[in-house]
Structures are given as C-alpha cells and as structure tokens.
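Since the structure comes first, as structure tokens, the remarks are kept for the end.
The numbers here are math on the coordinates, done by the rules we state, and not lab data. This structure is a prediction, so every number in the text was calculated from the model and none was measured. Reconstructed Cβ throughout: ideal geometry from the backbone, glycine too, with neighbour counts over all protein chains shown.
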Amino acid sequence: MFYGRDFRPRRVCERAYGIGVKVSTFIVPALKYLSGEAIQAGDTIRYHGEPGRVEFVVTHKVGDASLDWFIDTFPGGGAMIEAQGFGSVFLGLENLDEDLEFVSRGTADPKA
C-alpha cells in the first residue's frame, strides 16, 4: 500500500463545552518519503532523477491564505519542490511516490 493513500488527519478527541461549543483535537502525521524519512523544507531531493530541494511542506491549515489554499485544493497536504528541469512543482499525497527520493537534510532558508 502506498504510504500517502490513507493520510488524513485523525480525530482523536472530541469534547463538548457548554451549549453548541465543540472542540476537536487532530493528529496530523508527517509526510514521508518512501524511504521513511519525514519530508522537511530545505531537504535535498531527486525528482525523476533530477536534483532539487523541498521549498515547503503543508499538512494542515496555518492561517496563511497562500498556504491554506494548498490544503483546500489538496486534502491532506503535500510538498512544494523545485527540481532541475521541472521548476517548482506541488506534489499532493497522490504524487509522493518513488519518483521523489530523499538525498540529505538541508536548511529551509535558501540563502543559508
């Protein structure tokens, strides 16, 4: 089974406080490469054999409209990568496959 197919935030706790107020707690698992490492911004990668890096990762809404759009459009989130020959590409859960390979940890700041 492909890792990302069942990737959905899991509701682990739901409590009612007062009338009509419901608080839910969600666990959002990290996105992972097929090799098992968590995908992080700044990672050095290979995509379809081409070198690249992870620009950012989104797994849940963060209150930033530009990032929250990815969650609304790609339920479960994904990762924006930049790879030589491809430019910037957003990979939703269905696209996190064997063509995305982890090379090494980097820094999220491209100037560092």
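Quick rundown of the values:
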item	result
Number of positions in the range 43-65 that are touching a Pro at 6+ places or on another chain (Cβ under 8 Å) and farther than 17 Å from G92 by Cβ	2
Residue count for the range 48-94, restricted to those that are assigned to a helix (DSSP H, G or I) and either surrounded by 16 or more Cβ atoms within 10 Å (Cβ to Cβ) or under 10 Å from the mean Cα position of the chain (by Cα) (or both)	4
Residue in the range 44-55 that is touching a residue at least 60 places away in the same chain (Cβ under 8 Å), within 10 Å of F102 (Cα to Cα) and not aliphatic (A, V, I, L, M) present	yes
Enumeration of residues in the range 34-43 that are in contact (Cβ under 8 Å) with a residue 12 or more places away in the chain, surrounded by fewer than 20 Cβ atoms within 10 Å (Cβ to Cβ) and under 15 Å from E101 (Cβ atoms)	L34, S35, E37, Q40
